[in-house]
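The values are calculated or read from the model by the stated rules, or taken from the named source; none is laboratory data. Remember, predicted model here, so these are calculated numbers, not experimental data. Note that we place each Cβ from the backbone using ideal geometry, even for glycine, and neighbour counts take in every protein chain shown. Side chains are part of the model used for accessible areas, which takes the heavy atoms of the whole protein and leaves out ligands, DNA and RNA. Shrake-Rupley method; radii C 1.70, N 1.55, O 1.52, S 1.80 Å.
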Amino acid sequence: MKTKLLINKLFAYSESKNKYFYTEFDQGINIIYGKNTSGKSTIFQMLLYTLGINDNNDYLKEIIEEGAFLRVDFQVINNRESEKITFVRDDETIFIKRVDKPIMRFNGIRANQSAEHIKLKGFLHELFNFTLKLENKEGYKAAPIEAMFLPYYIPQSVGWVYLRKSFSSFEYYKNLKEDYLDYYLGIESLVDRDKKQELERKLKSKEDEIKFYLNLENSNDEFQITKLVDEEFVEESLEYIKLHSDNQVLLNENEEEYISKCNEQSYYKERLSLLRKVSRHHKKQNPLEGACPACDRELSFSITSSYKYFQEENDTEAEMVKCKAMIKKLQGEINSLGKLINVRKENNLKTYGILKRYFNHNISFDSWLNNKVNIQLIHDIKYKLGVLSTEKITIENSLKGFKTEEEVQKSRISKSKEFERIFLGYIDDLGVKTLKEDRYISLYNISAFPSQGVELHKTVLAYNFALNKLIEKTDGIHRFPFMLDAIFKEDIEQSNKNAIIEFIGKNKPNDTQLILSIAETKENEKSIHEYNKKYFNGRAKLICIGEGVRERAFLTQYDGSMENYLDETLNIIN
């Protein structure tokens with residue numbers, strides 16, 4: 001079941017300047033319009049600021065310094081039950097009023113790491129059943145409040161160029177794209193992943209404990225002697241003696257083989273030495289230029305004697321190569337046998353030492369008592385190993401209930417295919433050139449788009465609408481108003497404006513509010529009404545800032561029209 005947020009009212013009041021702002025929102029479509037720099041973006045930023053987001057504080061500095069407090073009235077709908085809630089923010093304090101409940105107060109929430117802001121984050125997570133966790137250098141932590149609005153807010157400043165950059169506080173999170181998309185597409189809740197990682201850590205801990213106790217039981221000499229002495233371990237004592245005996249037999253066999261290999265290698269070394277002498281002498285008997293080794297006369301040349309000479313030279317060299325290979329092979333075998341003999345000797349010395357102490361064991365009360373203590377320790381170790389093994393099996397069974405990496409990847413591919421179909425359809429609707437490369441259409445691969453200007457603006461618009469459509473289909477994910485600030489770029493021509501507003505009217509989300517802003521002057525106000533009539537069937541709520549002519553017009557002179565509402569707000573604060 002989805003938890004839905006519907007914004008009803010936004011109110012700002014500066015007592016020191018006697019200025020205010022007030023507007024109501026429709027539960028469907030809301031169009032904010034006014035001259036450039038009139039304060040349209042301020043409405044979005046004020047909504048977020050009042051709900052505890054500090055990311056835009058610099059943009060709101062002028063209004064905050066005028067001492068204005070902000071109030072947002074909204075509804076939270078969950079399981080067909082609706083609750084009216086009021087947030088009032090006065091500088092660093094947020095007051096929360098809920099029906100039939102005491103007013104909650106969070107002091108000192110300007111810093112996101114403050115204890116009060118963390119408490120506020122926890123309250124909002126619970127209110128909207130928001131469970132996303134993101135990984136930073138300290139591990140997985142509850143995601144900031146901004147993450148609740150990330151897929152639903154496209155700001156004028158960076159939202160129409162960069163993806164997932166609507167807020168500045170996500171720079172230091174690892175795997176943001178994957179964790180963020182997985183959560184909003186319902187692939188695998190990070191709560192589950194967190195539990196899985198916790199189970200994996202516990203399993204590793206259990207395995208380490210089991211390894212420690214096994215090593216302790218098997219490597220402690222006193223424990224081995226205890227087992228030999230105690231009557232409970234007669235069979236084990238016999239096995240121990242047999243082990244020592246068998247090891248000695250193998251050691252003898254290895255030593256015999258070692259000596260045999262050494263003798264064989266000596267043979268080949270001697271043979272190689274002899275062949276080298278033969279080769280040196282043979283070279284002097286070359287029928288072409290050699291002499292008789294006995295009388296120094298030149299040798300008579302013939303084809304037969306030359307053939308015989310070279311054949312003998314080749315045979316000698318071949319035999320020398322064979323001898324070298326055998327010497328090398330035998331050296332490797334001798335080395336391996338040497339290491340094996342050393343290991344067997346060490347094992348034999350150890351078992352022999354234990355057996356020697358066993359046979360010389362003097363039975364006294366003290367030795368009997370010490371032996372029983374060791375017996376108890378051995379039993380405790382065996383009991384502990386049994387408990388740990390049972391716990392390990394339980395954890396392994398629990399882990400079987402989680403998705404494997406292959407299953408997660410398969411789900412991502414499936415969601416990416418669905419996104420690609422919707423996204424390319426939207427691209428076509430907006431008249432944008434079709435994208436083909438995987439890095440621009442596969443949801444988990446997209447980081448930027450290969451276009452600029454109006455083409456980029458419309459591509460990002462299509463991306464955000466396609467992602468919103470996927471989230472709409474995902475069970476259990478909260479739904480916030482879809483807030484699009486400045487849907488028209490300043491230099492955009494009328495035909496593209498018509499294409500964009502027609503696209504929004506055709507593909508607007510049906511299950512939540514749509515709040516968008518358009519920069520239009522008083523002279524062009526007629527077009528706002530035409531957009532509303534033609535693309536939204538005249539149902540959009542129109543919110544004008546600065547009467548379409550004034551700049552920096554978010555706060556206007558207070559006219560006394562909100563006395564009851566103002567008193568109610570002051571009562572919440574006081």
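Once you reduce the stretch 451-513 and the stretch 106-144 to the center of their Cα atoms, the two points are 28 Å from each other. Heavy-atom accessible surface of Thr556, to the nearest 10 Å², is about 40 Å², with a 1.4 Å probe and all protein chains retained.
Amide H to amide H, with H built 1.01 Å from N, Gln156 comes under 5 Å of Asp485, counting only residues 5 or more places away or on other chains.
Report the local net charge at Leu250: Lys and Arg +1, Asp and Glu -1, summed over other residues whose C-beta lies under 13 Å from its C-beta.
Details: positive: Lys242, Arg344, Lys345; negative: Asp246, Glu253, Glu255, Glu256, Glu257.
Combined, the nearby Lys, Arg, Asp and Glu give -2.
Each residue of the stretch 62-72 is assigned a 3J(HN,Hα), and the resulting list reads 4, 6, 4, 5, 7, x, 6, 10, 10, 9, 10 Hz, derived from the Karplus form 6.51 cos²θ - 1.76 cosθ + 1.60 (θ = phi - 60°), x at Gly and Pro. The residues Lys174, Lys4, Lys84, sorted by heavy-atom accessible surface at 1.4 Å with ligands and nucleic acids left out, run Lys84, Lys174, Lys4 from largest to smallest.
Using semi-axes √(5λ) of the Cα gyration tensor in Å as the read-out, say which of (i) 39, 32, 27; (ii) 50, 31, 24; (iii) 82, 42, 19 was calculated from these coordinates. For semi-axes √(5λ) of the Cα gyration tensor in Å, the calculated option is (iii). In terms of modelled amide H atoms, which long-range or inter-chain residues lie less than 5 Å from the amide H of Arg479? Counting only residues 5 or more places away or on other chains, the set is Thr3, Lys4, Leu5. Annotation: Ile241 carries an accessible surface of approximately 70 Å², with a 1.4 Å probe and no ligand, DNA or RNA atoms counted. Protein heavy-atom accessible surface, 1.4 Å probe, per residue over the chain: 54 Å². Alpha-carbon geometry of the stretch 444-534: the Rg and the Dmax are 14.5, 45 Å, given in that order. In this structure, the pairs whose alpha-carbon distance is over 22 Å, taken from Lys195/Lys384; Lys324/Lys345; Lys202/Lys400; Lys410/Lys506; Lys40/Lys497, are Lys195/Lys384; Lys324/Lys345; Lys410/Lys506. The GluC sites (Glu not before Pro) found in the stretch 448-504 that occupy coil by DSSP, while having at most 15 further C-beta atoms within 10 Å, are Glu490, Glu493. Each Lys or Arg adds one and each Asp or Glu takes one away; over the other residues whose Cβ falls under 14 Å from the Cβ of Asn30, this sums to +2.
For Asn30, the residues whose amide H sits under 5 Å from its own are Leu514, Ile515, Leu516, Lys541, ignoring neighbours fewer than 5 places away on the same chain, with H placed 1.01 Å from N. With all protein chains in place and ligands, DNA and RNA left out, the 1.4 Å accessible area ranks His281, His125, His379, His478 as His281, His379, His125, His478, largest first. Taking the DSSP beta bridges with both ends in the chain, the antiparallel portion is around 70 percent.
Could you work out [θ]222 nm for the chain from helices alone, using -39500 (n - 2.57) per DSSP H run of at least four and dividing by all its residues? Round to the nearest 500 deg cm²/dmol.
Details: 16 runs with 308 residues, N = 574.
Mean residue ellipticity, 222 nm, calculated: -18500 deg cm²/dmol.
How large is the dipole of the chain about the Cα centre if only Lys and Arg carry +1 and Asp and Glu carry -1, each at its Cβ, rounded to the nearest 20 debye? Could the numbers behind the result be given before it?
Working: 86 positive and 90 negative charges, 186 e Å.
That gives a dipole near 900 debye.
For the stretch 76-154, the alpha carbon convex hull comes to 124 Å³ per residue, rounded to a whole number.
The stretch 161-204 and the stretch 240-269 have Cα centres lying 60 Å from one another. Taking 25 Å as the straight-line reach from the Cα of Lys101, the lysines in range (excluding those fewer than 8 positions away in the same chain) are Lys2, Lys4, Lys9, Lys84, Lys119, Lys121. Couplings 3J(HN,Hα) of the stretch 2-7, computed from phi: 7, 9, 10, 10, 10, 8 Hz, in residue order, whole Hz [Karplus 6.51 cos²θ - 1.76 cosθ + 1.60, θ = phi - 60°; x for Gly and Pro]. Ligands, DNA and RNA excluded, the heavy atoms of His282 present near 20 Å² of accessible surface to a 1.4 Å solvent probe.
For the chain, with all protein chains in place and a probe radius of 1.4 Å, 49% of the accessible heavy-atom surface sits on carbon or sulfur.
Net charge near Phe130, counting Lys/Arg +1 and Asp/Glu -1 over other residues with Cβ under 13 Å of its Cβ?
Values: positive: Lys2, Lys4, Lys121, Lys133, Arg479; negative: Glu126, Glu146.
Local charge sum for Phe130: +3.
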